[in-house]
Structure formats: C-alpha cells, structure tokens
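Okay, structure first, notes after.
The values are calculated or read from the model by the stated rules, or taken from the named source; none is laboratory data. Predicted model only: the values in this text are computed from it and were never measured. Heads up: the accessible areas ignore ligands, DNA and RNA and are worked out on the full protein's heavy atoms, side chains in. Shrake-Rupley method; radii C 1.70, N 1.55, O 1.52, S 1.80 Å.
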Amino acid sequence: MYLALQIILAITCLLLVLFVLLHKGKGGGLSSLFGGGMQSNLSGSTVVEKNLDRLTLITAIVWIATIILLGVFHAFGWN
C-alpha cells in the first residue's frame, strides 16, 4: 500500500505540473514576459479552460490526500 501511494504521488506530481503549465496566463505577472500579455481579452472562459481547472483541482486534492496518507503511514510505522 505504501508503494502504491508513492507511485500515485509521483504520477500526481507530474500531472499537476503539466496541468498548471497548460493554463492560459491571466494578465500581468511572469506569463506576460513570454508573450502571454499580448492577447486581448476578447475570448472568455471556454469549456476547455473550465475542464482544465477542474482537472487541476481534482489532481491537487488527490496529491494533498496522498501526502497526508503517506505522513500517517510514516508516523505509525506502517511502511
């Protein structure tokens, strides 16, 4: 079980990085340094962006739950 949680943690880490990098820049900040600020705000939130937000949130929740479970396993010596 401990090994399975470690594998889930590694997969969710990679997915979380990928999903965050896929997000469109929302304005100022670092994304505007790379041309993200050049786009006009004519396009609103699309279905793809909303689904990407949901996937990112679900992946983050699984990631946090996995970290907590691994901490519990380590605290009680179940590994």
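Listing for the model above:
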quantity	calculated
Surface accessible to a 1.4 Å probe, Leu9 within the full protein complex, Å²	40 Å²
In Hz, Karplus ³J(HN,Hα) per residue of the range 51-63 (6.51, -1.76, 1.60; θ = phi - 60°; x = Gly, Pro)	5, 5, 4, 5, 4, 5, 5, 5, 5, 5, 5, 5, 4
